[in-house]
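The values are calculated or read from the model by the stated rules, or taken from the named source; none is laboratory data. Small disclaimer: the values here were computed from a predicted structure and weren't measured. Virtual Cβ from ideal backbone geometry, glycine too; neighbours counted across all protein chains shown.
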Amino acid sequence: MATLLEIENLQTHFFTSAGVVKAVDGVSYTVDEGETVAVVGESGCGKSVTAMSILRLIPWPPGKIVGGSIKFDGQDLLQLTEEEMRNIRGRDIGMIFQEPMTSLNPVLTIGLQLTETLMAHTDITAKKANERAVELLGMVGISEPERRLVQYPHHLSGGMRQRVVIAMALSCDPKLIIADEPTTALDVTIQAQILELMKDLTKRLGVAMIVITHNLGVVARYADRVNVMYAGRIIESGSAQDIYYNPKHPYTLALLKSVPRMDQARQAKLDPVDGQPPDLSQLDAGCSFRARCRFATAKCAQEYPALEKVSDTQYAACWEKDNLEEKAS
Amino acid sequence: MSTTDAAVRDDAQFRGTHSDEVLVEVKDLKMFFPVTEGVFIHRVVAHVKAVNGVSFQIKKGETLGLVGESGCGKTTTGRCMIQLEQATSGEILYQGTDLTKLDSQEMIDYRKKIQIIFQDPFSSLNPRMTIGDIIGEPMKVHGIIDDPTERRQRVLELLAKCGLKANFAERYPHEMSGGQRQRVGIARALAMNPEFIICDEAVSALDVSIQAQVINLLEDLREEFGLTYLFISHDLSVIRHICHRVAVMYLGNMVELADCDELYDNPLHPYTQALLEAVPIPDPDLEKARAHKIVKGEIPSPMNPPTGCVFHPRCEKAVASCSQNVPEFREVKPGHWVACTEV
Ligand SMILES: Nc1ncnc2c1ncn2[C@@H]1O[C@H](COP(=O)(O)OP(=O)(O)O)[C@@H](O)[C@H]1O
Ligand SMILES: Nc1ncnc2c1ncn2[C@@H]1O[C@H](COP(=O)(O)OP(=O)(O)O)[C@@H](O)[C@H]1O
Ligand code: SF4
Ligand SMILES: [Mg+2]
Ligand SMILES: [Mg+2]
């Protein structure tokens, strides 16, 4: 498949009174047409800032994209004017956030919000836009779509609102959807409904998707490829199988040992890493995981390890990536 | 020593710590919140049936899990158990004493024995108090340790037990991470020398690596002090790991109760089955092989719950009588209870 999105060495920093927060510091990854790529990591590691950078929605001050490039469908998004960018957002790139009300206007009807998006981005008559809105609501599993058009967001449950947001994100036939924690606020049975819906629709329509989540189960169920983030960088990337069955970074290893499994009887205590992630305004030249790492050597304090190939599909940023098994036993 | 030896030992320790003595018994607990209308005269127009006839026992030294989706009545059940909420009806028997019958003077003793830890440690910690005072004050107020030097010593001991350095005593809540604040919440609860702790979504807001640290801490404390836990959570994976027995709630009702492994390996209630199917497992090959049967619909309002079995509108196995008859919560095998006529 052709590459749709190519992020290279993205750096997004926040210039605060407490110092420069290097929220994203050298992130590179690609998304192929039609594939689902996950970005996983614990809170504050830079997942959302990466997504907002792609959309060029970083608020200045205090935030700024200070380096890198984001090639989407042949053009560098960082070189576009604000006007050109507005046309891409919501049309070529759809967005779904954790809180549906981020995308919905509380004082406008569902129908108006859908038709407005359609009419802003495509040459379509009001009548046709209305028909399309009904079709979209039906597609995302909302019953009696005609009646829903005249309702306001507060008439709907959280799960139903997220369905409306999905309909909006898909309305202009985007090539890419960015979904930032799309089901984190929902109950587990509703989460399953929404994720299954997103998977069906993106596969059926051939839309690529970036799913941002902290939930390792969601990643295992839905992602083709996975990027693991820690302290503003991608520390490992690979197929879902690579990441879960053959992790090559000590942090990935630690994450997997920290999640309790619902499908297995308890065998032992969990085995998490000690400590907590570093302050992103205080990073030094070494590996940002080393204070918590059981494999760290002297070299880890001196230089940050680059994200390097370990197999055809897998990359890891760790000086000890080839010695983990030996050292773990 | 191999890791399997350690695992077997941990497992034996985990399973062997509880007795048959019942510490707490909840009998037919109901909590209906009135919904009022009108500006001057509040007229009760309806009731939210937050908890609608729930019964269970907790044995000394065990961890009982209470699981279910938001709004099913978990928090309300916990709050009724420590009399933060005055139950509409039912009994809360703590070592045989019905707490619902006690006056506030008589409750004081139980307020020490029973502690609660919340999801958001920040909102439950006074921002203007140092961590040392947050942990020490209640000991002073409740007359647990009167001597300031001794109390100070105890604070440091509790901080250490909860994995916090001594210098945290001088810090303020806003200077700490979420995981550290939750450790403070636990230390504060321990300061009362409790017997029974209600953990209400106590690890739900934490990131996985921090969550695992706090889970291990709670388990260590249970073993060391012989504590009993009611562990409330919507997270089925965490519940399986930490609990001995598990109760599943739906719309104010208890639908299933069994030993932990029995519940997960052999769920009987259609709702429990649907819940377990919905949870994605961190194992891509296993996920590919799993059938993803997804339960339809959403949770109805507790103001106007469905008649008969509350789950019937969403249930695949429902028959005509399910919309009329409330299923009895019955023991279908030793220790395995379920509220469904079709089991
Ligand atoms: N407006 C802002 N000002 C200062 N720092 C910010 C701002 N927005 C985000 N950050 C910082 O950037 C880092 C990454 O945040 P984010 O991308 O939101 O993390 P997550 O992985 O949880 O989505 C965090 O440390 C956060 O504190
Ligand atoms: N003080 C209250 N007044 C009215 N309704 C309440 C009150 N507390 C809880 N409820 C309602 O009771 C139901 C159960 O709530 P809760 O016990 O918090 O559920 P859970 O903890 O399982 O998410 C919900 O519908 C909730 O809105
Ligand atoms: S580079 Fe060193 S400190 Fe960083 S993860 Fe690898 S071994 Fe650990
Ligand atoms: Mg985020
Ligand atoms: Mg609750």
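So B:His174 fits all but one of (1) more than 15 Å from B:Ser124 (Cβ to Cβ); (2) surrounded by fewer than 21 Cβ atoms within 10 Å (Cβ to Cβ); what number is the exception?
Looking at each condition in turn, B:His174 falls short on (1).
Those residues that are crowded, with 22+ Cβ neighbours inside 10 Å, in contact with a Ser or Thr (Cβ under 7 Å, 6 or more places away or on another chain) and more than 7 Å from chain B (Cβ to nearest Cβ), I need them from segment A:237-289; list them, please.
Of everything in segment A:237-289, those that are crowded, with 22+ Cβ neighbours inside 10 Å, in contact with a Ser or Thr (Cβ under 7 Å, 6 or more places away or on another chain) and more than 7 Å from chain B (Cβ to nearest Cβ) turn out to be A:Gly238, A:Asp242, A:Ile243.
This table checks each residue for (1) more than 16 Å from B:Glu195 (Cα to Cα); (2) touching a helix residue (DSSP H, G or I) at 6+ places or on another chain (Cβ under 9 Å); (3) more than 16 Å from ligand 3 (Cβ to nearest atom); (4) among the hydroxyl-bearing types (Ser, Thr, Tyr).
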| residue | (1), (2), (3), (4) |
| --- | --- |
| B:Arg15 | yes, no, yes, no |
| B:Phe32 | yes, no, yes, no |
| B:Val35 | yes, no, yes, no |
| B:Phe40 | yes, no, yes, no |
| B:Asn52 | yes, no, yes, no |
| B:Gly61 | no, yes, yes, no |
| B:Gly73 | yes, no, yes, no |
| B:Ala87 | yes, yes, yes, no |
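Here is a list of conditions, (1) within 10 Å of ligand 1 (Cβ to nearest atom); (2) surrounded by fewer than 16 Cβ atoms within 10 Å (Cβ to Cβ); (3) away from every other protein chain (no Cβ under 14 Å), and A:Ala18 meets all of them except one; can you say which number that is?
The failed condition is (3).
Restricting attention to segment A:269-289, and to residues there that are more than 23 Å from the chain's Cα centre (by Cα) and away from ligand 3 (no atom under 15 Å from the Cβ), which single residue is nearest to A:Thr252 (Cα to Cα)?
The residue in question is A:Pro272.
Tally up the residues in segment B:83-93 that are closer than 19 Å to B:Thr228 by Cα and buried (at least 20 other Cβ atoms within 10 Å of the Cβ), please.
Summing the residues that are closer than 19 Å to B:Thr228 by Cα and buried (at least 20 other Cβ atoms within 10 Å of the Cβ) in segment B:83-93 gives 1.
Going residue by residue through segment A:243-251, is there one that turns out to be within 21 Å of the chain's Cα centre (by Cα), β-branched (Val, Ile, Thr) and under 29 Å from A:Gly19 (Cβ atoms)?
Scanning segment A:243-251, I find no residue that is within 21 Å of the chain's Cα centre (by Cα), β-branched (Val, Ile, Thr) and under 29 Å from A:Gly19 (Cβ atoms), so the answer is no.
Could you look through segment B:290-332, keep only residues that are away from chain A (no Cβ under 14 Å), more than 27 Å from the chain's Cα centre (by Cα) and touching a residue at least 24 places away in the same chain (Cβ under 8 Å), and pick out the one that is surrounded by the fewest Cβ atoms within 10 Å (Cβ to Cβ)?
Checking each candidate, the answer is B:Lys317.
Can you find a residue that is in contact (Cβ under 8 Å) with a residue 40 or more places away in the chain, more than 27 Å from B:Pro284 (Cβ to Cβ), in contact with a strand residue (DSSP E or B) (Cβ under 9 Å, 6 or more places away or on another chain) and assigned to a strand (DSSP E or B) anywhere in segment A:24-44?
yes
Tell me the helices (runs of 4 or more DSSP H) entirely within segment A:51-166 that contain at least 2 residues that are touching a residue at least 40 places away in the same chain (Cβ under 8 Å) and within 27 Å of A:Leu4 (Cβ to Cβ). Steps first, answer last, please.
Working: elements: A:82-88, A:110-121, A:126-139, A:145-149.
Those helices (runs of 4 or more DSSP H) span A:110-121.
Residue by residue, here is whether (1) surrounded by fewer than 17 Cβ atoms within 10 Å (Cβ to Cβ); (2) more than 16 Å from ligand 3 (Cβ to nearest atom); (3) at pLDDT 95 or above; (4) within 14 Å of chain B (Cβ to nearest Cβ) holds:
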residue	(1), (2), (3), (4)
A:Glu42	no, no, no, yes
A:Ile54	no, yes, yes, no
A:Ile65	no, yes, yes, no
A:Val107	yes, yes, yes, no
A:Gly111	no, yes, yes, no
A:Thr115	no, yes, yes, no
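Can you confirm whether segment A:4-18 contains a residue that is in contact with a His (Cβ under 9 Å, 6 or more places away or on another chain) and within 23 Å of A:Thr313 (Cα to Cα)? Break it down stepwise before answering.
Residues of segment A:4-18 in contact with a His (Cβ under 9 Å, 6 or more places away or on another chain): none.
The answer is no, given that none of the residues of segment A:4-18 is in contact with a His (Cβ under 9 Å, 6 or more places away or on another chain) and within 23 Å of A:Thr313 (Cα to Cα).
Got a sec? Which strands (runs of 3 or more DSSP E) wholly within segment A:167-232 have at least 1 residues that are touching a strand residue (DSSP E or B) at 6+ places or on another chain (Cβ under 8 Å), under 18 Å from A:Leu104 (Cβ atoms) and away from chain B (no Cβ under 12 Å)?
Qualifying strands (runs of 3 or more DSSP E): A:176-180.
Hey, among the residues in segment A:290-303 that are assigned to a loop (DSSP other than H, G, I, E, B) and surrounded by fewer than 18 Cβ atoms within 10 Å (Cβ to Cβ), which one's nearest to ligand 3 (Cβ to nearest atom)?
Checking each candidate, the answer is A:Thr297.
B:His241 versus (1) within 11 Å of chain A (Cβ to nearest Cβ); (2) of a type outside the set (Val, Ile, Thr); (3) more than 30 Å from A:Pro247 (Cα to Cα); (4) buried (at least 20 other Cβ atoms within 10 Å of the Cβ): which is the lone unmet condition?
(3)
Give B:Ala46, B:Ala7, B:Ala12 a once-over and let me know the one that is modelled with pLDDT under 95 and in a strand (DSSP E or B).
Result of the check over B:Ala46, B:Ala7, B:Ala12: B:Ala46.
Is it the case that B:Leu236 is within 17 Å of B:Gly71 (Cα to Cα), within 11 Å of chain A (Cβ to nearest Cβ) and crowded, with 20+ Cβ neighbours inside 10 Å?
In short, yes.
Could you say which residue among B:Leu230, B:Leu218, B:Leu268, B:Leu275 is at the interface with chain A (Cβ under 7 Å from one of its Cβ atoms) and at pLDDT 95 or above?
B:Leu275
Answer yes or no: is there a residue in segment B:33-42 that is modelled with pLDDT of 85 or more, closer than 20 Å to B:Pro306 by Cβ and not hydroxyl-bearing (Ser, Thr, Tyr).
Yes, segment B:33-42 has at least one match.
Looking for something of a type in the set (Phe, Trp, Tyr), over 12 Å from the mean Cα position of the chain (by Cα) and within 16 Å of ligand 4 (Cβ to nearest atom) - is there at least one such residue anywhere in segment A:210-230? Break it down into steps so the answer makes sense when it comes.
Our first condition is that a residue be of a type in the set (Phe, Trp, Tyr); within segment A:210-230, this holds for A:222, A:230.
Next, from what is left, pick out any that are over 12 Å from the mean Cα position of the chain (by Cα): A:222, A:230.
This time we only want the ones that are within 16 Å of ligand 4 (Cβ to nearest atom), so: A:230.
Yes; the residues of segment A:210-230 include at least one that is of a type in the set (Phe, Trp, Tyr), over 12 Å from the mean Cα position of the chain (by Cα) and within 16 Å of ligand 4 (Cβ to nearest atom).
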